[in-house]
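Input: a single structure, listed below in structure tokens.
The values are calculated or read from the model by the stated rules, or taken from the named source; none is laboratory data. Being a predicted model, the structure only gives us computed values, none of them experimental. Cβ placement follows ideal geometry from the backbone for every residue including glycine, while neighbour counts extend to all protein chains displayed. For the accessible areas, the whole protein counts, side chains as well, though only heavy atoms, and no ligand, DNA or RNA atoms are used. Shrake-Rupley method; radii C 1.70, N 1.55, O 1.52, S 1.80 Å.
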Amino acid sequence: MLIEFTVGNYRSFLTPVTLSMLATRLQDDPSLDRESIFWVGKYPLLRSAAIYGPNASGKSNLVRAMMFMRRLVLESATKLQAGEKIQVERFRLDVEARGKPAFFQIIFFWKGVRYRYGFEVDESVVRSEWLYRTMKREARLFVREGDRFDVSTRLRKEAPSTLQRQTRANALFLSVMAQFNSATAIELLTWFREQFHGVSGLDDVGYTPYTIGLCEQDAAFRRRIEAMLRVADTGIKEIQIESLPYTQTDPPQELRWLMEAIARHDGKELEELTLKRIRTIHPVFEDGKQVGKAIFDMVREESEGTKKFFALLGPLLEALEHGWVLVIDELEARLHPRLTREVVRLFNAPETNPHNAQLVFATHDPGLLDDHLLRRDQVWFMQKDRYGATELYSLAEIKERKDASFLKHYLQGRYGAIPHVGRLRPLVEQELSHGA
């Protein structure tokens with residue numbers, strides 16, 4: 001479970017900002033507290049968090065920062081070669097920031113233990129790295145400063161004494177330890193790999209292969225997908241998945257997007273693929289009675305929103321099943337607001353989220369602030385300061401009544417994090433008059 005994530009000097013973030021999933025002491029609706037909070041020992045954690053802000057405020061950058069950290073942990077020891085650049089993007093609008101490293105830290109629970117792990121990197125080297133664990137109190141497992149390592153007795157028993165010298169300047173020590181069978185490092189990489197996932201709500205095509213694969217592997221899962229599509233009022237009653245042999249002739253254009261997505265997902269060339277065609281079954285009526293069925297091609301004949309919902313159902317249902325931390329950018333894109341609201345409710349309700357999965361999502365949908373669907377500490381805002389750096393703060397940090405209209409006050413600009421857009425009509429009229 002995620003407790004907090006901190007990032008600094010990365011893309012639009014200059015000074016470190018922290019997204020916390022730790023519930024604060026609020027006098028909110030008790031029923032909302034019951035749905036939104038779960039406990040891990042003495043820690044009250046939130047099941048979801050929504051991030052608001054205008055375009056270019058940094059919402060997508062926060063998701064990128066989380067996934068950059070995940071990717072570097074999983075791949076720095078295996079995919080980066082000696083001397084190869086680390087693909088980190090530091091803040092570019094401040095001269096001093098160019099000489100400082102990017103900062104990443106995450107605090108999470110895994111198998112009843114609290115871990116705090118982080119690192120500082122630039123494009124060439126890992127500047128520093130640290131790992132602490134908390135049972136009754138926080139204890140250091142290792143601290144790295146450049147090429148100097150201070151490793152605890154516990155970890156020295158799990159890995160060769162020469163491992164520190166074998167760690168490349170551009171590789172994370174945690175990742176290297178896992179390659180040498182350190183039990184602690186393997187456990188932590190397992191959390192990053194299996195429990196911490198990011199999804200783009202705009203480039204959702206890439207998750208269609210994942211959902212297709214789950215449907216093919218498990219008939220019960222496919223029936224759950226079909227039930228969700230029916231409840232979402234898509235008109236779809238069933239789905240069918242056909243496997244088609246690849247030919248050297250160009251495939252139909254409507255299939256190419258899916259082929260390319262599968263290729264990226266599986267790391268293969270197009271020629272190696274078995275094509276997948278998704279058929280959707282709709283009822284046919286006569287005089288108000290169903291008399292047959294019609295078969296549609298999902299790619300060509302279903303709406304963009306239906307295709308997105310199908311693509312996301314795989315990771316959404318898997319997150320609920322396995323207790324993942326799921327981070328989604330632009331969750332509401334191409335989805336009806338009522339459907340987005342139901343997705344959030346799935347994560348907030350203990351009945352549908354018994355394993356305490358957590359959903360962190362960036363959104364432009366202010367309707368989620370209505371009806372007190374979220375606690376104040378579940379609502380986060382992003383905006384840029386006068387120097388172009390992203391600020392992050394929660395509604396709980398703002399003096400606001402618990403019974404206030406969060407939606408109304410947000411749209412009025414009381415919380416910030418809205419675009420300061422001038423009137424476009426006079427500008428366009430002026431340009432047209434000059435052209436005339």
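So here's what we get for this one:
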item: Lone unmet requirement of (1) part of a helix (DSSP H, G or I); (2) without any contact (Cβ under 8 Å) to a residue 60 or more places away in the chain for Y210; result: (2)
item: Of all residues making up the stretch 344-396, the number that are open to solvent by 50 Å² or more (accessible area, probe 1.4 Å), within 23 Å of G323 (Cα to Cα) and among the charged types (D, E, K, R); result: 2
item: Hits in the stretch 144-161 (condition: within 16 Å of L188 (Cα to Cα) and either at pLDDT 90 or above or of a type in the set (F, W, Y) (or both)); result: L155
item: The listed residue being touching a strand residue (DSSP E or B) at 6+ places or on another chain (Cβ under 9 Å), farther than 28 Å from R345 by Cβ, open to solvent by less than 50 Å² (accessible area, probe 1.4 Å) and of a type in the set (V, I, T), out of V40, V88; result: V88
item: Failed criterion for A169 (all others in (1) within 30 Å of L80 (Cβ to Cβ); (2) touching a helix residue (DSSP H, G or I) at 6+ places or on another chain (Cβ under 9 Å); (3) at pLDDT 90 or above hold); result: (2)
item: Contacts under 7 angstrom Cβ, first residue in the stretch 231-244 being closer than 21 Å to G213 by Cβ and of a type in the set (S, T, Y), partner open to solvent by 60 Å² or more (accessible area, probe 1.4 Å) and not in a helix (DSSP H, G or I), 6 or more apart; result: S243/T274
item: Condition met for S200 (out of contact with any strand residue (DSSP E or B) (no Cβ under 7 Å at 6 or more places or on another chain) and not basic (K, R)); result: no
item: Qualifying residue in the stretch 318-331 (condition: in contact with a His (Cβ under 6 Å, 6 or more places away or on another chain) and of a type in the set (G, A, S)); result: yes
item: Complete set of residues in the stretch 54-70 that are aliphatic (A, V, I, L, M) and part of a helix (DSSP H, G or I); result: L62, V63, A65, M66, M67, M69
item: Of residues in the stretch 397-419 being surrounded by fewer than 19 Cβ atoms within 10 Å (Cβ to Cβ) and in contact (Cβ under 8 Å) with a residue 40 or more places away in the chain, the one farthest from Y52 (Cα to Cα); result: K402
item: Flag if T15 is open to solvent by less than 60 Å² (accessible area, probe 1.4 Å), in contact (Cβ under 8 Å) with a residue 12 or more places away in the chain and either out of contact with any Cys (no Cβ under 8 Å at 6 or more places or on another chain) or more than 25 Å from Y387 (Cβ to Cβ) (or both); result: no
item: Residues satisfying the stated conditions in the stretch 121-152, i.e. touching a strand residue (DSSP E or B) at 6+ places or on another chain (Cβ under 7 Å), among the charged types (D, E, K, R) and open to solvent by 50 Å² or more (accessible area, probe 1.4 Å); result: R127, E138, R140, E145, D150
item: Residue list for the stretch 96-115, restricted to those being open to solvent by 50 Å² or more (accessible area, probe 1.4 Å) and either at pLDDT 95 or above or basic (K, R) (or both); result: R98, K100, K111
item: Qualifying residues in the stretch 18-37 (those that are of a type in the set (G, A, S) and in a helix (DSSP H, G or I)) - the one surrounded by the most Cβ atoms within 10 Å (Cβ to Cβ); result: S36
item: The stretch 63-108, residues that are acidic (D, E) and either under 14 Å from G198 (Cβ atoms) or free of Cβ contacts under 8 Å to residues at least 12 places away in the same chain (or both); result: E96
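The rows are residues; the columns are (1) more than 17 Å from the chain's Cα centre (by Cα); (2) among the polar types (S, T, N, Q).
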site: H355; (1), (2): yes, no
site: L359; (1), (2): no, no
site: G367; (1), (2): yes, no
site: D370; (1), (2): yes, no
site: Q383; (1), (2): yes, yes
site: A389; (1), (2): yes, no
site: A396; (1), (2): yes, no
